[in-house]
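Below you'll find the structure, written out as structure tokens, and then a few comments.
The values are calculated or read from the model by the stated rules, or taken from the named source; none is laboratory data. The structure displayed is predicted, hence computed values, not measured ones. Methodologically, a virtual Cβ is constructed for each residue, glycine included, from the backbone with ideal geometry; neighbour enumeration extends over all protein chains shown. These accessible areas exclude ligands, DNA and RNA; they are computed on the full protein's heavy atoms, side chains included. Shrake-Rupley method; radii C 1.70, N 1.55, O 1.52, S 1.80 Å.
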Amino acid sequence: MTPLRSLIATALAAGLASAAAAQDAGDNIAVAYEEDGRYFTADDIPTYNVAEDGTVDWLTFSGFRRYHSECHVCHGPDGEGSTYAPALKKSAVEMDYYDFYSVVVNGRENGNSVMPHFGDNRNVMCYLDDIYVYLKARGMDAVPRGRPAKKEAKADAIQEDENDCMG
Amino acid sequence: MRKLPLLTSGIALCVATMASANDDLMTQMDDPKQWAIQTGDYANQRYSELDQINADNVGDLQVAWTFSTGVLRGHEGSPLVIGDTMYVHTPFPNIVYALDLADEGKIKWKYEPRQDPEVIPVMCCDTVNRGVAYADGKIFLHQADTKVVALNADTGAVEWEAVNGDPSKGETNTATVLPVKDKIIVGISGGEFGVQGHVTAYDMKTGEQVWRAYSVGPDDQILFDPEKTTALGEPVGADSSLKSWEGDQWKIGGGTTWGWYSADMEENLFYYGSGNPSTWNPAQRPGDNKWSMTIFARDIDTGEAKWVYQMTPHDEWDYDGVNEMILTDQEIDGEARKLLTHFDRNGLGYTMDRVSGELLVAEKFDPVVNWTTGVDMDPESDTYGRPAVVAQYSTEQNGEDVNSTGICPAALGTKDQQPSAYSPKTEMFYVPTNHVCMDYEPFRVAYTAGQPYVGATLAMYPAPDSHGGMGNFIAWDNINGEIKWSIPEKFSVWSGALATAGDIVFYGTLEGHLKAVHAETGEELYRFKTPSGIIGNVMTYERDGKQYVGILSGVGGWAGIGLAAGLTNPNDGLGAVGGYAALSDYTALGGQLTVFALPN
């Protein structure tokens, strides 16, 4: 296991038990607060924000881009699923955030159906919240298929996080 | 005229010293009752002399027998028929079945390799395999994990194994192999993982590596002779590849070799194309990125390149150059020419002199192709042989983090690997095509060994302002560079075509139809809906005086992934969502061989 991957895996394991329990009880979608251009539920789970005029938050837009770079070759366009892999727009709504994270970090094997592990891939890990909120927005039909037409500006804090993460 | 006798005796000599292994395969290939190689013959014409099934009676075709492969993934390639045995392969886990045609298709032997499932996730876009090859009493399988296996054709026993690549670096395989002379020539996949593409020859008897030629890198790795290897008639000079890259990017530079291979025994050359330079973000790899996106003519014995032609210098759209090279002998202006015809992902149909590498024709084989205004055909020009790129559709000129919209064709190309057929009777090529356009936004990515290295976001949709479908099946005149007729299809045509002396052309559709059309007119003569979408290639053989036509069904591959849920055009604005056909409304996973014949 590379350092990056094991780091994330440990962090996940630590946070998992308590947060997962909390999440079941609460609303996994509704925005409770915003911080530096990122939106969260009451349980501190990342979520999307779509304004009345259709403007999406930066992460949702970025998630659209990253999803269609890293995931669509197996999961199909717009999180719709394919002949090869499940529709992630459903998974993102139905799965616990931490389970979702853990599948992407560690991969999953089910006979000859294999989800790769992306734990040591910065092009995925630095944008996984983005991909997650985008897919959740798709699953709730909060954004239509295709490229979101209008987006919030990228917050400085998000840019800084990205620079730190991508190295 | 003087030279001719000398030349022929030279050929005779070289034929005589050729391994007998190859004589066996040549005999099998020459017999139209067999289907001895995936590509129909070394020329990749996919043409059969059989004419029992013909334009007059193909409408009566019936299912003769079927076989389930037991695997539910994209089934590319086709079975082989050698003597009494049919060899059927599957996608991962790459099972091979030998079926006894003399005993109602009873399974004579089955080979199932043990492969690490870790290879599955490094195979971009489904775990397809384009079939086994035969020569010298052996069946050659190139597995997903890049192991090349020689099996005894009678028993299925392993005769030798060779490991061609390293899946932990993203090196995998989807292609068949080329058995030629005393060698097995094999390619590699992994362009989306920063693999340095190569072709490798193994000894047919022992599996020992004979030579390896990379697509990108220093001259001794790409097996170029700076003085002798030519591009459009001129020697390429020293470091022709290295000079076209910045820094060490070539080491993860792509140019993979997962397409079809053809061979001209007279010239002792084999032909193939290389794939995209990696990453998909052109800003990260300044230069022409030679020799990605290139047609190669290499010596069969030494691997040395005789000539090259780079179709898409500095790719900005993922237009891999791996599609088949079809070899024909035709007349141009009354002169007999040895030609090579290639339908590239970039939407241009190329006709070249396969001996000299001279470019004769480069024309769009789908009128919607818009990224280029055409190729400079003036030998005196500085940009001779280069396509003129339209600025509006240049993802390089528009820059990183800019979404370039309305580019035709999409990354999957006007045509992908699905092979075309050629009929010497009509002198037409029958080409399965995609009719899909895209938006493409490149951005910066980091390289991690064994992880995808893509760097662009894509949205694909049916060609706007056209018939609304995502494919066409066309007939092409390679001398004049013209479409003769075009059949609109709802989905991309992802199945390999077969042309026969019965004046018919067969192909499959993603909905699952096997179709037969008239070779002259394209008129539909027959269709039958098989259990799953077709991305396999149509083949034919004869047994006990009866002609059969076989096709593998099993939807998947790039097409199954991209089209399962249907496409939407983001530029249509809201409201058009779901406006295009979804493959999942027509077909589901499968894995079946269907064999057709005329009623008794």
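All but one of (1) within 16 Å of B:N480 (Cα to Cα); (2) open to solvent by 10 Å² or more (accessible area, probe 1.4 Å); (3) assigned to a loop (DSSP other than H, G, I, E, B) hold for B:G374; state the number of the condition that does not hold.
(3)
Out of the residues in region B:96-128 that are away from chain A (no Cβ under 11 Å) and among the hydrophobic types (A, V, I, L, M, F, W, C), state the one that is farthest from B:L412 (Cα to Cα).
Of all residues in region B:96-128, those away from chain A (no Cβ under 11 Å) come to B:96-114.
Filter once more, keeping what is among the hydrophobic types (A, V, I, L, M, F, W, C): B:96, B:98-99, B:101-102, B:107, B:109.
On the way: B:V96: 28, B:A98: 33, B:L99: 34, B:L101: 37, B:A102: 41, B:I107: 37, B:W109: 37 Å.
So, considering only residues that are away from chain A (no Cβ under 11 Å) and among the hydrophobic types (A, V, I, L, M, F, W, C), the one farthest from B:L412 (Cα to Cα) is B:A102.
What tally of residues in region B:372-400 results from selecting those that are out of contact with any helix residue (DSSP H, G or I) (no Cβ under 9 Å at 6 or more places or on another chain) and not hydrophobic (A, V, I, L, M, F, W, C)?
Step one: list which residues in region B:372-400 are out of contact with any helix residue (DSSP H, G or I) (no Cβ under 9 Å at 6 or more places or on another chain), which gives B:373-388, B:390, B:393.
Right, trim to not hydrophobic (A, V, I, L, M, F, W, C) and you get B:373-374, B:376, B:378-387, B:393.
Looking only at that region, the number is 14.
Within region B:85-95, can you find the residues that are away from chain A (no Cβ under 14 Å) and out of contact with any helix residue (DSSP H, G or I) (no Cβ under 9 Å at 6 or more places or on another chain)? Break it down stepwise before answering.
Residues of region B:85-95 away from chain A (no Cβ under 14 Å): B:85-89.
Answer for region B:85-95, where residues must be away from chain A (no Cβ under 14 Å) and out of contact with any helix residue (DSSP H, G or I) (no Cβ under 9 Å at 6 or more places or on another chain): B:Y87, B:V88, B:H89.
Matching residues to (1) under 27 Å from B:N403 (Cα atoms); (2) of a type in the set (V, I, T); (3) touching a residue at least 40 places away in the same chain (Cβ under 8 Å):
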{"position": "B:V436", "(1), (2), (3)": "yes, yes, yes"}
{"position": "B:A446", "(1), (2), (3)": "yes, no, no"}
{"position": "B:A449", "(1), (2), (3)": "no, no, yes"}
{"position": "B:V454", "(1), (2), (3)": "yes, yes, yes"}
{"position": "B:P464", "(1), (2), (3)": "yes, no, yes"}
{"position": "B:G471", "(1), (2), (3)": "yes, no, no"}
{"position": "B:K484", "(1), (2), (3)": "no, no, yes"}
{"position": "B:I487", "(1), (2), (3)": "no, yes, no"}
{"position": "B:S492", "(1), (2), (3)": "yes, no, yes"}
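Take B:V180 and tell me if it is surrounded by 24 or more Cβ atoms within 10 Å (Cβ to Cβ) and either of a type outside the set (D, E, K, R) or farther than 10 Å from B:H142 by Cβ (or both). Don't jump to the end; show me each part of the working.
Details: surrounded by 24 or more Cβ atoms within 10 Å (Cβ to Cβ): yes; either of a type outside the set (D, E, K, R) or farther than 10 Å from B:H142 by Cβ (or both): yes.
So B:V180 fits the description; yes.
Just for region A:108-124: of the residues that are more than 9 Å from every other protein chain (Cβ to nearest Cβ) and surrounded by fewer than 22 Cβ atoms within 10 Å (Cβ to Cβ), which one is farthest from the chain's Cα centre (by Cα)?
Filtering region A:108-124 for residues more than 9 Å from every other protein chain (Cβ to nearest Cβ) gives A:108, A:110, A:119.
Right, trim to surrounded by fewer than 22 Cβ atoms within 10 Å (Cβ to Cβ) and you get A:108, A:110.
On the way: A:R108: 17, A:N110: 22 Å.
Out of the qualifying residues, it is A:N110.
Within region B:429-466, can you find the residues that are out of contact with any His (no Cβ under 9 Å at 6 or more places or on another chain), crowded, with 24+ Cβ neighbours inside 10 Å and away from chain A (no Cβ under 14 Å)?
B:F429, B:Y430, B:V431, B:P432, B:T433, B:N434
Name the strands (runs of 3 or more DSSP E) wholly within region B:405-463 that hold at least 3 residues that are modelled with pLDDT of 95 or more, closer than 29 Å to B:G187 by Cα and not acidic (D, E)?
Numbers: elements: B:421-423, B:428-434, B:436-442, B:456-462.
Where strands (runs of 3 or more DSSP E) fall fully within region B:405-463 and carry at least 3 residues being modelled with pLDDT of 95 or more, closer than 29 Å to B:G187 by Cα and not acidic (D, E), they are B:421-423, B:428-434.
Can you tell me which of B:V148, B:V128, B:V132 is open to solvent by less than 40 Å² (accessible area, probe 1.4 Å), closer than 30 Å to A:S82 by Cβ and in contact with a helix residue (DSSP H, G or I) (Cβ under 7 Å, 6 or more places away or on another chain)? Break it down into steps so the answer makes sense when it comes.
On the way: B:V148 fails: in contact with a helix residue (DSSP H, G or I) (Cβ under 7 Å, 6 or more places away or on another chain); B:V132 fails: in contact with a helix residue (DSSP H, G or I) (Cβ under 7 Å, 6 or more places away or on another chain).
Sole residue among the options that is open to solvent by less than 40 Å² (accessible area, probe 1.4 Å), closer than 30 Å to A:S82 by Cβ and in contact with a helix residue (DSSP H, G or I) (Cβ under 7 Å, 6 or more places away or on another chain): B:V128.
So B:T256 clears everything in (1) in a loop (DSSP other than H, G, I, E, B); (2) open to solvent by 10 Å² or more (accessible area, probe 1.4 Å) except one condition, right? Which one?
(2)
Kindly indicate whether any position in region B:211-220 is in a helix (DSSP H, G or I) and surrounded by fewer than 24 Cβ atoms within 10 Å (Cβ to Cβ). I'd like the intermediate steps shown before the answer.
So the first thing to find is which residues in region B:211-220 are in a helix (DSSP H, G or I), and the list is B:219-220.
When the remaining residues are screened for being surrounded by fewer than 24 Cβ atoms within 10 Å (Cβ to Cβ), the result is B:219-220.
Looking for residues that are in a helix (DSSP H, G or I) and surrounded by fewer than 24 Cβ atoms within 10 Å (Cβ to Cβ), one finds at least one in region B:211-220, hence yes.
Among the residues of region B:234-241, is there at least one that is under 17 Å from B:G385 (Cα atoms) and not in a loop (DSSP other than H, G, I, E, B)?
Yes, region B:234-241 contains a residue that is under 17 Å from B:G385 (Cα atoms) and not in a loop (DSSP other than H, G, I, E, B).
Please verify whether region B:191-210 includes one or more residues that are without any contact (Cβ under 8 Å) to a residue 12 or more places away in the chain and not β-branched (V, I, T).
Filtering region B:191-210 for residues without any contact (Cβ under 8 Å) to a residue 12 or more places away in the chain gives none.
Within region B:191-210, not a single residue is without any contact (Cβ under 8 Å) to a residue 12 or more places away in the chain and not β-branched (V, I, T).
May I ask you to list pairs of residues, at least six apart or on different chains, whose Cβ atoms are under 6 Å apart, with the first in region B:319-342 being under 19 Å from B:T433 (Cα atoms) and the second being among the acidic types (D, E) and at pLDDT below 95?
none
Based on this model, can you work out whether A:G167 counts as more than 10 Å from every other protein chain (Cβ to nearest Cβ) and surrounded by fewer than 22 Cβ atoms within 10 Å (Cβ to Cβ)? Outline the logic, then answer.
Details: more than 10 Å from every other protein chain (Cβ to nearest Cβ): no; surrounded by fewer than 22 Cβ atoms within 10 Å (Cβ to Cβ): yes.
So A:G167 fails the test.
Against the condition open to solvent by 50 Å² or more (accessible area, probe 1.4 Å) and modelled with pLDDT under 95, how does B:D166 come out, does it pass?
Details: open to solvent by 50 Å² or more (accessible area, probe 1.4 Å): yes; modelled with pLDDT under 95: yes.
Spelling it out, B:D166 is indeed open to solvent by 50 Å² or more (accessible area, probe 1.4 Å) and modelled with pLDDT under 95.
When region B:116-125 is examined, which residues are found to be open to solvent by 20 Å² or more (accessible area, probe 1.4 Å) and either out of contact with any helix residue (DSSP H, G or I) (no Cβ under 9 Å at 6 or more places or on another chain) or more than 29 Å from A:H72 (Cβ to Cβ) (or both)? First the steps, then the outcome.
Looking only at region B:116-125, we keep the residues that are open to solvent by 20 Å² or more (accessible area, probe 1.4 Å), and these are B:116-118, B:121, B:124.
Within region B:116-125, just B:P117 meets the criteria.
Would you confirm whether any residue within region B:356-371 is among the aromatic types (F, W, Y), in contact with a helix residue (DSSP H, G or I) (Cβ under 7 Å, 6 or more places away or on another chain) and under 22 Å from B:S274 (Cβ atoms)? Please lay out each step first, then the result.
We begin by selecting, within region B:356-371, every residue among the aromatic types (F, W, Y); these are B:365, B:371.
Applying the additional criterion that residues be in contact with a helix residue (DSSP H, G or I) (Cβ under 7 Å, 6 or more places away or on another chain) yields B:371.
Subset that is under 22 Å from B:S274 (Cβ atoms): B:371.
Among the residues of region B:356-371, at least one is among the aromatic types (F, W, Y), in contact with a helix residue (DSSP H, G or I) (Cβ under 7 Å, 6 or more places away or on another chain) and under 22 Å from B:S274 (Cβ atoms), which makes the answer yes.
Kindly indicate the residue of region A:88-105 that is within 14 Å of chain B (Cβ to nearest Cβ) and open to solvent by less than 20 Å² (accessible area, probe 1.4 Å) and also nearest to the chain's Cα centre (by Cα) among those meeting that condition.
Among those residues, the one meeting the criterion is A:V104.
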